[in-house]
Amino acid sequence: MPNSSMPKRDVAEIGTQPLSITSERVMNSIARLNVLLQKRSAHLERITDTTLMLSAPRHLIPKIVDAVRLADFGVSAERIDEFIEKEEYYDVVAVSGSKHEIQRSIGRIIGRRGKIKKTIEELTGADIYIRDNSVLILGTFESIEKARNAVLGIAQGKPQGPVLRSLGEG
């Protein structure tokens, strides 16, 4: 006889392309995620090279699907745990252009010794993760919007100083 006090559980198949779940980094992240998901009665299992199976309470499935994407981007399991707990979201900004232009834009977003990236994070309250030509911004809607505007402005070649000062004014 089913226990009516237990939350409804669903199983969801997560097609992970273009995620690279075969990489050791992602498989380690999934293992760490499973430790965190246990307290939420959820579990991830690798089915094929491009598919994960998720067993979780129905209301958590969208957040956990996002968590897998965050893990693929290199976000720590601890930060993903915060993301699941809090009312937080993420956005990915793709930096476009030639290989040289992308490298220059990403370098300008990061800044010398990471100073620009850190300053954007401090002034907006968002967390920023960079991989290849993509910038992932994690936080509240408001913090994401502010950080996104700064990232786009700097990527488009606007001077870093005025962009950062505009964040301090908002």
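The values are calculated or read from the model by the stated rules, or taken from the named source; none is laboratory data. Given the structure is predicted, the values throughout are model-derived calculations rather than measurements. Every residue, glycine as well, gets a Cβ built from its backbone with ideal geometry; the counts of neighbours run over all protein chains shown. Each accessible area value is taken on the protein alone, full model and side chains, heavy atoms only, with ligands, DNA and RNA left out. Shrake-Rupley method; radii C 1.70, N 1.55, O 1.52, S 1.80 Å.
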For this session: Answer yes or no as to whether E142 is modelled with pLDDT of 90 or more, of a type in the set (D, E, K, R) and surrounded by fewer than 20 Cβ atoms within 10 Å (Cβ to Cβ).
Result: yes
For this session: Name the one entry in I102, I154, I128 that is within 19 Å of the chain's Cα centre (by Cα) and among the β-branched types (V, I, T).
Result: I128
Problem set entry | Filter result (touching a helix residue (DSSP H, G or I) at 6+ places or on another chain (Cβ under 9 Å) and either over 12 Å from V65 (Cα atoms) or of a type in the set (D, E) (or both)) within the stretch 40-53 | R40, S41, E45, R46
Exercise. Do we have any residue at all in the stretch 127-139 that's of a type in the set (S, T, Y) and crowded, with 16+ Cβ neighbours inside 10 Å?
Worked result: yes
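Table: residues versus (1) among the hydrophobic types (A, V, I, L, M, F, W, C); (2) assigned to a loop (DSSP other than H, G, I, E, B); (3) farther than 18 Å from I102 by Cβ.
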| residue | (1), (2), (3) |
| --- | --- |
| L123 | yes, no, yes |
| V135 | yes, no, no |
| E142 | no, no, yes |
| S166 | no, no, yes |
Exercise. Would you pick out the residues in the stretch 25-64 that are in contact with a Pro (Cβ under 8 Å, 6 or more places away or on another chain) and of a type in the set (D, E, K, R)?
Worked result: R40, R58
Exercise. Do any strands (runs of 3 or more DSSP E) entirely within the stretch 22-99 hold 3 or more residues that are within 23 Å of F141 (Cβ to Cβ) and either open to solvent by less than 80 Å² (accessible area, probe 1.4 Å) or modelled with pLDDT of 85 or more (or both), and if so, which?
Worked result: 89-94
Problem set entry | Long-range neighbours under 9 Å by Cβ, at least six apart or interchain, first residue of a type in the set (K, R) within the stretch 153-166, second surrounded by fewer than 17 Cβ atoms within 10 Å (Cβ to Cβ) | K158/L152
For this session: Name every residue in the stretch 100-143 that is of a type in the set (D, E, K, R) and farther than 21 Å from P159 by Cα, in order of residue number.
Result: D127, R131, D132, E142
